[in-house]
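S.K.: My structure is below; once you've seen it, I'll send some questions.
FYI, it's all coordinate maths here, none of it is from the lab. As the structure is a prediction and not an experimental result, all values here were calculated from the model. Cβ placement follows ideal geometry from the backbone for every residue including glycine, while neighbour counts extend to all protein chains displayed.
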Amino acid sequence: MKAKSGLKVAGKLTLLICCLYFFICSLSFLSDSFRMVGGRSLGAFFKNSDLLNNPIVGVMIGVLVTVLVQSSSTSTSIIVGLVAANVPVKTAIPMIMGANIGTSVTNTIVSFTQMQDRDEFRRAFACATVHDMFNWLTVILIVIVESATGFLETITAAMVTSLGDTSGNQKPPDFLKVLTNPFTKAIVKLDKKVLKGWAINDPKYREANITIIKSCKEDDSCFLFNMLGPQGADIGDTSAGVILLVVSLVMLCGCLMGMVKLLNSLLGDKVKEAIKEGVNKDIPIYGLGWLTGYLAMLVGAILTVLVQSSSVFTSTLTPLAGAGLVSLERAYPLTLGSNIGTTSTSLLAAMAAGGAHAQDSVQIALVHLMFNIIGIAIFYPVPFMRWPISLAQTLGDTTAKYRWFALVYLFGMFLVFPGFIFLLSLAGPIVIYVVFVPIAALLLLVTLVNLLQRRKPKLLPTKLQTWEFLPELVRSLEPVDRLVVSCLTRWRKHKQGDIENDRWGDSGVAKTNEAFETDQTPV
């Protein structure tokens, strides 16, 4: 019996490792698919330098580009390349900030796989969005200060001067890809030179194909998507990207659901509690408990440097938080450390860039590092200032109650809002500020009133101590939820009716048959 149970555990552990391996591969495919679908459009974002001079537009472009390529490491490396190609550092700073926001879309998508269980979804969504909240709050604060003072540009310029000659041939360590490349390269290969050429709108690469096509006779490492290229079906990068996107999403969802089920079956309640207590426990030495969070940051940074992707690290953290193994309070410093770790890619890429603007490339990479360090210094050391945690908890509670809100948040935060600001930019900077400043002021006022309502309600006028004086549609999602539920109920009834019609054929025949069966009496 013991041997049998031991084999079961070994089998489940093997399956768990396989699920984790293919989950990481699916994230690689997800990134590749977005590059194939939207990569050719990247150059359009950088084509008009007048638009990029507006810091708000720069942030939104950074968000959109990172969402398109599904990797902040890739997008920041592209921005470093743009600076090396004579884009001013001042122009690129907001784009680097936006790249930090865009990278968190992956773990938000990952949290959707735990939607079937409200408690798991609440924890997973909160863990995923704590990254968003930190990035948005830091960006809002630093963009305002940077636009007024230019302090980031000044500090990093002084740092570059003190560093001296930074040219070299360093390449970012990428230990994870040693394991995943044999599988991922057997499916699809992308030409990074073409991707960067699209990003800087180089005419040489305008009509180039991003999928590397090689003949099997020339290269033994032929890959599956070779059949979809010019030598095969020739369906184009966009169509091949859509196919890869579907494959990656199916893989991602299947592997995550498998991981969650295997973890639940392997870990009993007692083991879960022991792991939770161990992972979420502070350092047990008197007076040193406050160092636990900083140790977690160091762990997050090191693991992200090893896997060379903050998306992989935070996306792996999300299902663990959903399963209740990692608390939001512990996931927060791990995520902040991951933000630091992901800057290593752009920094090493900048040092290897060379050329006339090599120092500018290093400077923009240092901006990325300093942006994250300053954000951590503001929103972590003082417990009162850990606003991202409370905001993420609110989002987790909201999406657990109204699960449709998760989709609204995903598309609104990462596509609709940045796209709306980008479209406004076409009308000029004055229009942006006329629309953006009142909205920002209103959000700040609502946040302040909410904070006072919770902590010091007596400081507010009686009417403002609650939001009851506002119409229900303004202060609650209940009316929208009732509408969504009503629409879904009607759709299900309509679908059920169609199934019944298919089953019985003509409704009159169905009624006749029912009547015939009802009227029959036993002999």
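S.K.: With a point put 7 Å past each Cα toward its Cβ, work out how far Lys281 is from Arg455 in nm, to one decimal.
M.R.: According to this spin-label approximation, the distance is 3.2 nm.
S.K.: OK, next. What pairs in Lys261/Lys495; Lys261/Lys401; Lys401/Lys458; Lys4/Lys261 have C-alpha atoms more than 25 Å from each other?
M.R.: Lys261/Lys495; Lys401/Lys458
S.K.: State the Cα centre-to-centre distance between segment 293-343 and segment 386-411 in whole Å.
M.R.: A separation of 19 Å, based on Cα centres.
S.K.: Ranked by Cβ crowding within 10 angstrom, fewest neighbours first, how are Met385, Met251 ordered?
M.R.: If I rank by nearby Cβ atoms, fewest first, I get Met385, Met251.
S.K.: Right, another one. Using a Förster radius of 41 Å, what is the FRET efficiency between Ile373 and Val485 based on their Cβ-Cβ separation? Nearest 0.05, please. Don't skip to the end; give the middle numbers.
M.R.: Values: r = 46 Å, r/R0 = 1.11.
Taking R0 as 41 Å, the efficiency between Ile373 and Val485 is 0.35.
S.K.: Moving to a separate point now. 7 Å from Cα along Cα→Cβ at both Gln496 and Asp117: what's the point-to-point distance in nm?
M.R.: Rounded to a tenth, the inter-label distance reads 2.8 nm.
S.K.: Among residues other than Gln465 whose Cβ falls under 11 Å from its Cβ, what is the net charge (Lys/Arg +1, Asp/Glu -1)?
M.R.: Overall, the nearby charge balance is +3.
S.K.: Evaluate E = 1/(1 + (r/R0)^6) for Ala441 and Lys4, where r is the Cβ-Cβ distance and R0 equals 51 Å; express this FRET efficiency to the nearest 0.05.
M.R.: On the way: r = 66 Å, r/R0 = 1.30.
Using R0 = 51 Å, I get an efficiency of 0.15.
S.K.: Hey, rough spin-label estimate for Ile17 and Ser162, points 7 angstrom out along Cα→Cβ, what's it come to in nanometres?
M.R.: Those two pseudo-labels are separated by 4.6 nm.
S.K.: Can you sort Ser311, Ser5, Ser28, Ser390 from fewest to most other Cβ atoms within 10 Å of each residue's own Cβ?
M.R.: Fewest-to-most ranking of Ser311, Ser5, Ser28, Ser390: Ser5, Ser390, Ser28, Ser311.
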